[in-house]
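Reviewing the structure listed below.
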2 protein chains.
Amino acid sequence: GIGLNRQKSVTYGNRGMTLEEDINISNQYYLTNDIAVIHKKPTPVQIVNVDYPKRSAAKITEAYFKKASTTDYNGLYKGKYIDFEAKETRHRSSLPLKNFHGHQVAHMKNVQKHSGICFIIVKFSSDGDIFLLDAGILVEYWDLQHQGGRKSIPKAEVVRRGHSIPSGYLPRIDYLKVLNDVYL
Amino acid sequence: GIGLNRQKSVTYGNRGMTLEEDINISNQYYLTNDIAVIHKKPTPVQIVNVDYPKRSAAKITEAYFKKASTTDYNGLYKGKYIDFEAKETRHRSSLPLKNFHGHQVAHMKNVQKHSGICFIIVKFSSDGDIFLLDAGILVEYWDLQHQGGRKSIPKAEVVRRGHSIPSGYLPRIDYLKVLNDVYL
Ligand SMILES: [Mg+2]
Ligand SMILES: [Mg+2]
């Protein structure tokens, strides 16, 4: 009955969307409202075998996930090239560097070297806090870990050097507002 | 023996690389030499079923090709957002518009509206000629076809309003040289 439905929808609301879903919906909002053109890249897949049945669509029957060589998202905002990676962590007090691959970090360095705007969006799922952190800070920690540095970025550092992204209704995660303040 | 090997390599040389392979190699050259950061997006795939065997990699056992909602390539050159689609046609005297999807053309319009650099690279495989054509011209023909216009862009128009891309050794297809002359 009604009670059950209400409870279901509360449960659904509590579950929360993933960070990626929220960002995709925000990007759709930005696109529809002519604010920015930012898309998630397709998941990279190594296709090994495809069947071509008569009279129906080609069917991939064997494929494997590949490591991404770039970041999840890129696009265009106010004439600028934008590039970022989204990461959600259950860790309460740090973002482990093992959430990134060497190729991704190298890509971020390249983007910054070529004057693109590059950052990460981090969500601490324990409390729902979301931050925008410049890719340069990730690169700093990434490089230091190979010289005996720590294997994660402390949340305190993300709070201090990053920028809190308020979450709202439309867009859900208004990271372009933060970009405006920080980069533009 | 040697004769056979030589013949094989000649055959391989004659076969020719696809336009996409040539562009990917050129992009790798641009990246390695710190000229630009431009990548092909992964092929979009709708994943329906995945097996997770013990002690080995997740295997996708059912998936289908999806229509791309954007273009094949994007990235960053001299601080500018670059976005393009590559198309090869066997038609001798025109590029049929059915090589494009409505979503792709809409995406190209959006990129140009937001001050990105957007174009197509067309290869006429009958004679190997390669051109860079501003996306605005594709959009023109795309929109006109729905008002009784023709369903293809004449090669003569590509020659007149586009820009020939010389092919060489490294990079194979130096489209950034043309970009320099036309857009920057
Ligand atoms: Mg991610
Ligand atoms: Mg293509």
* Structure fact -> Between chains B and A, the summed loss of accessible surface on complex formation, probed at 1.4 Å and reported to the nearest 100 square angstrom, is 3000 Å²
* To do: Partner chain Cβ atoms within 10 Å, averaged over the residues of A:106-115 - can you pull that number for me?
  => 4
* Structure fact -> Everything considered on the Cα gyration tensor (a ≥ b ≥ c; rounded for a/c under 1.5, else prolate if a/b is larger than b/c, else oblate), region B:91-184 must be described as oblate
* Sequence-distant or interchain residues sharing an amide H contact under 5 Å with B:Ala36, placed H: which? -> B:Leu31
* **Once the Cα gyration tensor of chain B is diagonalised, semi-axes √(5λ) in Å** => 28, 25, 20
* Asked: Placing a label point 7 Å from Cα toward Cβ, how far apart in nm is A:Val139 from its equivalents in the other copies, listed shortest first to one decimal?
  -> 3.3
* For residues of B:80-90, the mean tally of beta carbons on other chains within 10 Å -> 2
* To do: Kindly rank A:31-37, A:79-85, A:143-149, A:170-176 from highest to lowest mean number of other beta carbons found within 10 Å of each residue.
  => A:79-85, A:170-176, A:31-37, A:143-149
* **For B:42-49, mean number of other protein chain Cβ atoms within 10 Å** => 5
* Structure fact -> Using alpha-carbon coordinates alone, the radius of gyration and Dmax of region B:17-92 in Å work out to 16.7, 53
* Asked: Sequence-distant or interchain residues sharing an amide H contact under 5 Å with A:Asp129, placed H: which?
  -> A:Phe124
* Structure fact -> Here the correct list, in nm and shortest first, of distances from B:Lys151 to the same site in the other copies, label points 7 Å along Cα→Cβ, is 6.0
* Asked: Using the Kirkwood radius built from alpha carbon pairs, what does the Stokes-Einstein equation give as D for the protein assembly as shown at 10 °C and 1.306 mPa s, in µm² per second?
  -> 69 µm²/s
* Asked: Non-local amide H neighbours of A:Ile173 (under 5 Å, H modeled in plane, Pro and chain starts lacking H): which ones?
  -> A:Ser26, A:Gly168
* Structure fact -> Inter-copy distances for B:Gln46, label 7 Å out on the Cα-Cβ vector, sorted ascending, nm, one decimal, are 2.6
* To do: Compute the relative contact order of chain A as a whole-number percentage, counting only Cα pairs closer than 8 Å that sit 6 or more residues apart in sequence.
  => 18 percent
* Under Karplus coefficients 6.51, -1.76 and 1.60, residue-wise ³J(HN,Hα) of region B:102-111 in Hz, glycine/proline x -> x, 4, 5, 5, 4, 4, 4, 4, 4, 4
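The values are calculated or read from the model by the stated rules, or taken from the named source; none is laboratory data. Just so it is clear, the structure is predicted and the values come from calculations on it, not from any experiment. Cβ: placed from backbone, ideal geometry, glycine included. Neighbour counts: every protein chain shown. Accessible surface areas use protein heavy atoms only, side chains included; no ligands, DNA or RNA. Shrake-Rupley method; radii C 1.70, N 1.55, O 1.52, S 1.80 Å.
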